[in-house]
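In what follows, a single structure is set out as structure tokens and then discussed.
Nothing in this text is a laboratory measurement; each read-out follows from the coordinates by a stated rule. It should be emphasised that the depicted structure is a prediction, and the values quoted were computed from it without experimental measurement.
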Amino acid sequence: MGSAGWVEVMGKHASLIRVLVAGATAAGLAMVVIGFCSPRLPDPATADREGLLRWLVTQDLSQEPLDTRLTLARRLEQEFGAKIDWAAVGKRLDGSQKDRLWENVALLLEPWFADKVDGYFRLPESRRTAYVDLTVELIDNWKGAAALAADPSAGDPCVKRPGLLELLAERIGRWMQSVTPQRRDEARQFLLAVQTRWLQGVLLGSGPAKPL
């Protein structure tokens with residue numbers, strides 16, 4: 001078919017072509033908006049940042065086994081250990097997704113903390129300070145996630161939204177009630193190391209001066 005023939009065919013089907021193009025454009029925009037809602041989730045052990053965020057904003061992690069929550073906690077630490085732009089993350093999420101992310105972060109705190117205690121005591125003493133410093137930095141980086149949750153103080157200025165530290169303390173307290181005396185003692189030692197290292201940074205400038 002010559003060029004004149006193609007022009008004639010295109011002219012006859014111009015309306016159909018416009019409909020198809022518009023549909024494809026709309027579908028593309030929809031994929032941008034609902035990208036987190038894809039039904040197939042990646043393996044949490046190998047998921048990249050996007051895949052891990054999809055786990056946090058689409059799944060109720062209270063329904064997942066402990067092994068899955070622990071794997072997610074470890075992978076999130078690996079992928080999001082550096083500074084996180086929570087404002088940019090929030091722009092991609094609607095209200096329900098923000099709430100889900102914060103609820104899931106809360107569910108991951110207990111297995112994450114237990115794993116950090118184990119990791120601390122697996123290390124020789126010469127490497128524990130660096131381990132604690134990384135823990136302090138990670139907590140500081142993740143504090144901003146609280147800004148994504150719905151504010152319960154709306155309409156009541158006397159109600160304060162709990163931050164990550166308050167939530168972490170509550171979850172640690174709950175976890176410590178369910179473990180053996182030896183585990184509680186280990187947890188207290190690790191917490192003391194974290195608090196001491198932070199205070200050294202704030203008061204003496206010899207540690208991670210993070211505003212915990």
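Shape summary of the range 42-204, radius of gyration then Dmax from alpha carbon positions: 16.3, 51 Å. Evaluated over the range 42-204, the count of Lys pairs having alpha-carbon atoms less than 24 Å apart is 10 (only pairs 8 or more residues apart or interchain).
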